[in-house]
Amino acid sequence: MVVNQDGTPSRYSSDDYFAVLSGKHQQAVVSILAEKDRSVNLSPLAEEVAAVLADDERDLKQVEMKLHHYHLPKLDAAGLLEYCSEDNRVIPTNSLQTVMPSKTSSLN
(Lines give C-alpha, C1' and ligand atoms only; values in the text may rest on other atoms or scores of the structure.)
Protein backbone atom coordinates (compact mmCIF):
# COMPACT_ATOMS: atom_id res chain seq x y z
CA MET A 1 0.00 0.00 0.00
CA VAL A 2 1.23 3.47 -0.87
CA VAL A 3 0.85 6.04 1.88
CA ASN A 4 0.83 9.80 1.25
CA GLN A 5 3.19 12.09 3.15
CA ASP A 6 0.34 13.11 5.45
CA GLY A 7 -0.12 9.45 6.48
CA THR A 8 -3.32 8.81 4.54
CA PRO A 9 -3.51 5.81 2.22
CA SER A 10 -3.17 6.65 -1.46
CA ARG A 11 -5.96 5.59 -3.77
CA TYR A 12 -3.29 4.44 -6.24
CA SER A 13 -1.13 1.33 -5.99
CA SER A 14 2.61 1.11 -6.48
CA ASP A 15 1.92 -0.56 -9.83
CA ASP A 16 -0.19 2.44 -10.90
CA TYR A 17 2.68 4.79 -10.13
CA PHE A 18 5.24 2.56 -11.85
CA ALA A 19 3.06 2.45 -14.97
CA VAL A 20 2.48 6.20 -15.18
CA LEU A 21 6.15 6.96 -14.51
CA SER A 22 7.53 4.50 -17.03
CA GLY A 23 8.14 7.23 -19.62
CA LYS A 24 11.06 9.62 -19.66
CA HIS A 25 8.81 12.66 -20.11
CA GLN A 26 6.77 11.76 -17.03
CA GLN A 27 9.92 11.11 -15.01
CA ALA A 28 11.36 14.47 -16.06
CA VAL A 29 8.16 16.32 -15.15
CA VAL A 30 7.97 14.67 -11.72
CA SER A 31 11.63 15.34 -11.00
CA ILE A 32 11.36 19.00 -12.03
CA LEU A 33 8.15 19.61 -10.07
CA ALA A 34 9.47 17.88 -6.96
CA GLU A 35 12.60 20.02 -7.07
CA LYS A 36 10.60 23.24 -7.49
CA ASP A 37 7.81 22.23 -5.06
CA ARG A 38 5.52 24.90 -6.52
CA SER A 39 3.23 25.40 -9.50
CA VAL A 40 4.73 26.21 -12.90
CA ASN A 41 3.47 27.23 -16.31
CA LEU A 42 3.59 24.80 -19.22
CA SER A 43 6.10 26.70 -21.39
CA PRO A 44 8.90 26.96 -18.79
CA LEU A 45 8.25 23.35 -17.76
CA ALA A 46 8.55 22.25 -21.40
CA GLU A 47 11.87 24.09 -21.66
CA GLU A 48 13.21 22.23 -18.63
CA VAL A 49 11.91 18.87 -19.86
CA ALA A 50 13.53 19.51 -23.25
CA ALA A 51 16.81 20.30 -21.49
CA VAL A 52 16.65 17.05 -19.49
CA LEU A 53 15.85 15.09 -22.67
CA ALA A 54 18.33 17.04 -24.80
CA ASP A 55 19.50 14.03 -26.79
CA ASP A 56 15.98 12.92 -27.67
CA GLU A 57 13.85 16.06 -27.95
CA ARG A 58 15.12 19.16 -29.72
CA ASP A 59 11.86 20.80 -30.80
CA LEU A 60 10.48 22.77 -27.85
CA LYS A 61 7.00 23.13 -29.40
CA GLN A 62 6.84 19.37 -29.88
CA VAL A 63 7.76 18.80 -26.23
CA GLU A 64 5.14 21.31 -25.12
CA MET A 65 2.46 19.66 -27.26
CA LYS A 66 3.33 16.18 -25.95
CA LEU A 67 3.16 17.44 -22.38
CA HIS A 68 -0.13 19.25 -22.94
CA HIS A 69 -1.97 16.49 -24.79
CA TYR A 70 -0.56 13.32 -23.25
CA HIS A 71 1.93 13.39 -20.38
CA LEU A 72 0.41 16.01 -18.08
CA PRO A 73 -3.15 14.62 -18.35
CA LYS A 74 -1.77 11.14 -17.60
CA LEU A 75 0.08 12.40 -14.50
CA ASP A 76 -3.01 14.38 -13.48
CA ALA A 77 -5.20 11.27 -13.74
CA ALA A 78 -2.74 9.42 -11.49
CA GLY A 79 -3.03 12.17 -8.87
CA LEU A 80 0.61 13.24 -9.05
CA LEU A 81 -0.19 16.74 -10.23
CA GLU A 82 -3.06 18.97 -11.22
CA TYR A 83 -2.98 20.27 -14.77
CA CYS A 84 -5.21 23.21 -15.61
CA SER A 85 -5.19 23.28 -19.41
CA GLU A 86 -7.17 26.54 -19.52
CA ASP A 87 -4.27 28.55 -18.08
CA ASN A 88 -1.50 25.97 -18.69
CA ARG A 89 -0.69 25.74 -14.96
CA VAL A 90 0.90 22.59 -13.51
CA ILE A 91 0.53 22.13 -9.76
CA PRO A 92 2.34 19.37 -7.82
CA THR A 93 0.30 17.34 -5.31
CA ASN A 94 1.29 15.60 -2.08
CA SER A 95 1.29 12.31 -3.99
CA LEU A 96 4.11 13.59 -6.19
CA GLN A 97 6.33 14.03 -3.14
CA THR A 98 5.34 10.55 -1.97
CA VAL A 99 6.61 8.78 -5.10
CA MET A 100 9.46 11.11 -6.03
CA PRO A 101 12.44 9.49 -4.25
CA SER A 102 12.03 5.99 -5.61
CA LYS A 103 10.65 6.68 -9.07
CA THR A 104 12.89 9.31 -10.63
CA SER A 105 16.30 8.06 -9.59
CA SER A 106 16.87 6.82 -13.15
CA LEU A 107 17.15 10.42 -14.37
CA ASN A 108 20.47 10.93 -12.60
What number of residues in region 11-37 are at pLDDT 90 or above and surrounded by fewer than 14 Cβ atoms within 10 Å (Cβ to Cβ)? 1
Listed residues 90, 40; which is modelled with pLDDT of 95 or more and touching a Phe, Trp or Tyr at 6+ places or on another chain (Cβ under 8 Å)? 90
Of all residues in region 74-87, which are in contact with a strand residue (DSSP E or B) (Cβ under 7 Å, 6 or more places away or on another chain) and modelled with pLDDT of 95 or more? 82, 83
Residue among 82, 86 that alone is outside any helix (DSSP H, G or I), touching a Ser or Thr at 6+ places or on another chain (Cβ under 9 Å) and surrounded by fewer than 21 Cβ atoms within 10 Å (Cβ to Cβ): 82
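The values are calculated or read from the model by the stated rules, or taken from the named source; none is laboratory data. Keep in mind the model is a prediction, meaning the values are calculated, not measured. Cβ: placed from backbone, ideal geometry, glycine included. Neighbour counts: every protein chain shown.
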